[in-house]
Amino acid sequence: MDANKKNNLADLTVEEIKQSYEFQKRNNDWTFYQEREFIENLLQTRFNFLITVYTLFLLTFFQVKDKDSKIIILLLGLIIVGIMGLVVYRVYVKFNITMDILYNLDEHQVFLIVRRVIKKRKFRLFNVNRFIGYIIPIFLFLSIVIMGILLIVFDFKFQ
């Protein structure tokens, strides 16, 4: 890999990334590997919290009988799930950046080797992280919007 080759990490070269990692190791500092572990756990925790909050709003929505109360619950759910979805997406972006850094650290690095092997297989796995950080939060948000439209516009009875 060309040491001066620019990658998709703003204006950093692969050589600059490697120098940063060597500096981190020399100074017993927080490394890119520790950052990956931290961000991955943070993404998982925030995603699980998003699913839990969404489920609680749904349970509350279906327990309440009054249409006005259902609208209030949906509006609160829309705001909170929307904000939490943005938080999950933000961590997802940071996780992808961290993984891009790790992919550029070394040609013999474990993550890069696993990625290469997966790409060579006939049946490849899809990117689960995209589902966790992007697609599912949007789906949850839109499902609340659709329930609100059904309830308000079409006076749909959910019970």
If you go through region 101-110 one residue at a time, how many are surrounded by 15 or more Cβ atoms within 10 Å (Cβ to Cβ) and assigned to a helix (DSSP H, G or I)?
5
Given the criterion assigned to a helix (DSSP H, G or I), modelled with pLDDT under 95 and within 26 Å of the chain's Cα centre (by Cα), identify the matching residue among 36, 90.
36
Evaluate the following for residue 113: is it at pLDDT 80 or above, under 20 Å from residue 33 (Cα atoms) and surrounded by 14 or more Cβ atoms within 10 Å (Cβ to Cβ)?
no
Scan region 59-85 for residues that are in a helix (DSSP H, G or I) and in contact (Cβ under 8 Å) with a residue 12 or more places away in the chain and report the count.
17
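Listed here are the residues, each with its yes/no results for (1) of a type in the set (Ser, Thr, Tyr); (2) in a helix (DSSP H, G or I); (3) touching a helix residue (DSSP H, G or I) at 6+ places or on another chain (Cβ under 9 Å); (4) over 30 Å from residue 98 (Cβ atoms).
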{"position": "115", "(1), (2), (3), (4)": "no, yes, yes, no"}
{"position": "118", "(1), (2), (3), (4)": "no, yes, no, no"}
{"position": "126", "(1), (2), (3), (4)": "no, no, no, no"}
{"position": "134", "(1), (2), (3), (4)": "yes, yes, yes, no"}
{"position": "140", "(1), (2), (3), (4)": "no, yes, yes, no"}
Considering each residue of region 45-79, count those that are surrounded by 13 or more Cβ atoms within 10 Å (Cβ to Cβ) and polar (S, T, N, Q), and give that number.
2
Could you tell me which numbered condition residue 158 fails, if it satisfies all but one of (1) at pLDDT below 80; (2) within 30 Å of residue 18 (Cβ to Cβ)?
(2)
Only unsatisfied item for residue 122, checking (1) exposed (fewer than 11 other Cβ atoms within 10 Å of the Cβ); (2) of a type in the set (Lys, Arg); (3) under 26 Å from residue 12 (Cβ atoms), is (3)
Cβ pairs under 8 Å, 6+ apart or interchain, first in region 21-45 and in contact (Cβ under 8 Å) with a residue 40 or more places away in the chain, second among the polar types (S, T, N, Q), ordered by first then second residue, are 21/31; 32/20; 32/24; 32/98; 35/98; 36/98; 39/98; 43/129
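The values are calculated or read from the model by the stated rules, or taken from the named source; none is laboratory data. These figures come from a predicted structure and were not determined experimentally. For neighbour counting, all protein chains shown are included, and Cβ atoms are generated from backbone atoms with ideal geometry for every residue, glycine included.
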